[in-house]
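Written out below as structure tokens is the structure these notes cover.
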Amino acid sequence: MTLFEREAQSFLSTYRRLPVEIVRGEGVYLYDAQGNAYLDFLGGVAVNALGYGHAGLQQAIAEQAARYIHISNYFIQQPQVELAEALKQITGYSRVFFCNSGTEATEGALKLVRKWGSANSRSHIVAMENSFHGRTMGALSLMTNPDYREGFGPFLDGCIAIPLNDVEALNRTVGPETAAVFFECIQGEGGVVEMSPAFAERLATLRRQFGFLLVADEVQSGIGRTGRFLASEHYGLTPDIVTLAKPLGGGLPLGAILVSQQLKDVLKPGNHGTTFGGNPVACAAGKVVLNEIVHNGVMENAASVGAYLLQQLKSLQCEFPALVKDVRGKGLMAGVELVTEGKPILDALLERKILINVTSKTVLRFLPPLIIRPTHVDQLCNALAAILPAISV
Ligand code: PLP
């Protein structure tokens, strides 16, 4: 039996796997057992910011693993403290809570909002249609896409979704009973859809008027991917709570909730916690990730190569206007919306040994390691230029 056949007999069928078996990675390439190199514009779904085989990351993981791998949150742990200090220093937030994943960061943020809301008589939570905050019940309660929600209700009370960028709906929905507004500045799974400047401005104004909390889900857009540390910075927003995960642990499971000064004492001892959250090996990796991204030019690379990627994708849109509806994104979080399904293009790129991903059925999404170079962008765009003429609309 092949590994694929064995997998089918042993796993719940929740994943549609790509028909490639990867055995190792190096830089921005993944390799199969036959030695074929795949150029990676998927990046472990926005996780592998430093690419593969980063020596400093491997060393930090090995050194911490040799000291201790887990001791529990009953103990103070140096890698956790140092990573929290680095996050505070970079972002200006007041406190950090570490968890293991994006959806756990959403759950923790929701609990914090509920606790704050109950002390301030605010029970409504507003979120955006078409958003993605994770797969757990709280996260699903904020979302609207039936692909993720159908059959899993009932959901949390008091969650209201409005269309992103609908200023009128925002005006109508928020008020003194609003505890928080959850949003992604760039909806990732939703198809790389950006918040409009008008919506961001109105959100900031209404928050000043009503005093609700802004919760930015930066699980996919954060930690330098868009060319700034947080995508909210592009939109002039200073959220009260920020959720992070994906690249934070350098490929090890690690999420974080960043909290502003006014919220630092909302959760008391015992109110929230986790066995594995803030695992010391993942935190040791996280220190290397932050250092490379913020202090060693990786974020600047994401900004400049990202601008080049968007420019080249826009040229393709000019070349194929009947097929390409829109090109969107910031930095190395880019999307190409087609008038047709994206799967045939994903397959054709895979044949040419380039890995991408399709979201919302019609959007080609590019989330490469933040260390890619312009030549890799050229390789992708040349392949797309060769593939697109054969795609019928
Ligand atoms: N929030 C956003 C914006 C995401 O893109 C994701 C995952 O894709 C999540 C939350 C959930 O993260 P995780 O899969 O680590 O639970």
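Brief remarks on what is shown
- Residue that is nearest to Lys325 (Cα to Cα), among those in region 356-379 that are crowded, with 17+ Cβ neighbours inside 10 Å and touching a Phe, Trp or Tyr at 6+ places or on another chain (Cβ under 6 Å): Phe366
- Residue check, Gly277 within 16 Å of the ligand (Cβ to nearest atom), closer than 30 Å to Ala119 by Cα and either modelled with pLDDT of 95 or more or of a type outside the set (Ser, Thr, Tyr) (or both): yes
- In summary, Val81 fulfils each of the numbered conditions (1) of a type in the set (Val, Ile, Thr); (2) without any contact (Cβ under 8 Å) to a residue 60 or more places away in the chain; (3) surrounded by fewer than 13 Cβ atoms within 10 Å (Cβ to Cβ) with the single exception of condition (3).
- Sub-7 Å Cβ pairs linking a first residue in region 96-119 that is touching a residue at least 40 places away in the same chain (Cβ under 8 Å) and under 19 Å from Leu83 (Cα atoms) to a second residue that is within 9 Å of the ligand (Cβ to nearest atom) and in a helix (DSSP H, G or I), at least 6 apart or interchain, are Cys99/Ala105; Gly102/Lys246, ordered by first then second residue.
- Qualifying residue in region 271-288 (condition: assigned to a strand (DSSP E or B) and within 17 Å of the chain's Cα centre (by Cα)): no
- Restricting Ile61, Ile90, Ile22 to those that are without any contact (Cβ under 8 Å) to a residue 24 or more places away in the chain and either within 16 Å of the ligand (Cβ to nearest atom) or surrounded by 14 or more Cβ atoms within 10 Å (Cβ to Cβ) (or both) reduces the list to Ile22.
- Residues (part of a loop (DSSP other than H, G, I, E, B), farther than 19 Å from Ala348 by Cα and out of contact with any strand residue (DSSP E or B) (no Cβ under 9 Å at 6 or more places or on another chain)) located in region 8-33: Phe11, Leu12, Ser13, Thr14, Tyr15
- Residues in region 137-158 that are part of a loop (DSSP other than H, G, I, E, B) and either away from the ligand (no atom under 15 Å from the Cβ) or among the aromatic types (Phe, Trp, Tyr) (or both): Glu150, Gly151, Phe152, Gly153, Pro154, Phe155, Leu156, Asp157, Gly158.
- Meets criteria (modelled with pLDDT of 95 or more, under 30 Å from Thr173 (Cα atoms), part of a helix (DSSP H, G or I) and not polar (S, T, N, Q)) for Ala60: no
- Output for region 32-58, where each listed residue is surrounded by fewer than 16 Cβ atoms within 10 Å (Cβ to Cβ) and not aliphatic (A, V, I, L, M): Asp32, Gln34, Gly35, Asn36, Gly53, Gln58
- Only listed residue being farther than 30 Å from Gly278 by Cα, within 16 Å of the ligand (Cβ to nearest atom) and assigned to a strand (DSSP E or B), chosen from Ala161, Ala127: Ala161
- Only one of the numbered conditions (1) closer than 16 Å to Gly134 by Cα; (2) in contact with a strand residue (DSSP E or B) (Cβ under 6 Å, 6 or more places away or on another chain) is violated by Leu258, and that is (1).
- Subset of region 192-207 that is in a loop (DSSP other than H, G, I, E, B) and buried (at least 21 other Cβ atoms within 10 Å of the Cβ) - its residue that is nearest to the ligand (Cβ to nearest atom): Val192
- Residue pairs whose Cβ atoms lie under 6 Å apart, sitting 6 or more positions apart in sequence or on different chains, and linking a residue in region 318-342 that is over 17 Å from Gly190 (Cα atoms) and modelled with pLDDT of 95 or more to a partner that is surrounded by fewer than 20 Cβ atoms within 10 Å (Cβ to Cβ) and not hydrophobic (A, V, I, L, M, F, W, C), are Val324/Gln317.
- Filter result (within 21 Å of Leu254 (Cα to Cα) and not hydrophobic (A, V, I, L, M, F, W, C)) within region 104-127: Glu104, Thr106, Glu107, Gly108, Lys111
- Residues within region 208-258 that are under 19 Å from His295 (Cα atoms) and surrounded by fewer than 24 Cβ atoms within 10 Å (Cβ to Cβ), tallied: 4
- Condition met for Gly134 (buried (at least 21 other Cβ atoms within 10 Å of the Cβ) and either β-branched (Val, Ile, Thr) or in a loop (DSSP other than H, G, I, E, B) (or both)): yes
- Within the set Tyr93, Tyr38, the sole residue that is farther than 25 Å from Gly273 by Cβ and in contact with a strand residue (DSSP E or B) (Cβ under 6 Å, 6 or more places away or on another chain) turns out to be Tyr38.
- Residue check for Lys314: farther than 26 Å from Gly92 by Cα, modelled with pLDDT of 95 or more and not in a helix (DSSP H, G or I): no
The values are calculated or read from the model by the stated rules, or taken from the named source; none is laboratory data. What you are looking at is a predicted structure, and each value in this text was computed from that prediction instead of being measured. Backbone-built Cβ (ideal geometry, glycine too); neighbour counts: all protein chains shown.
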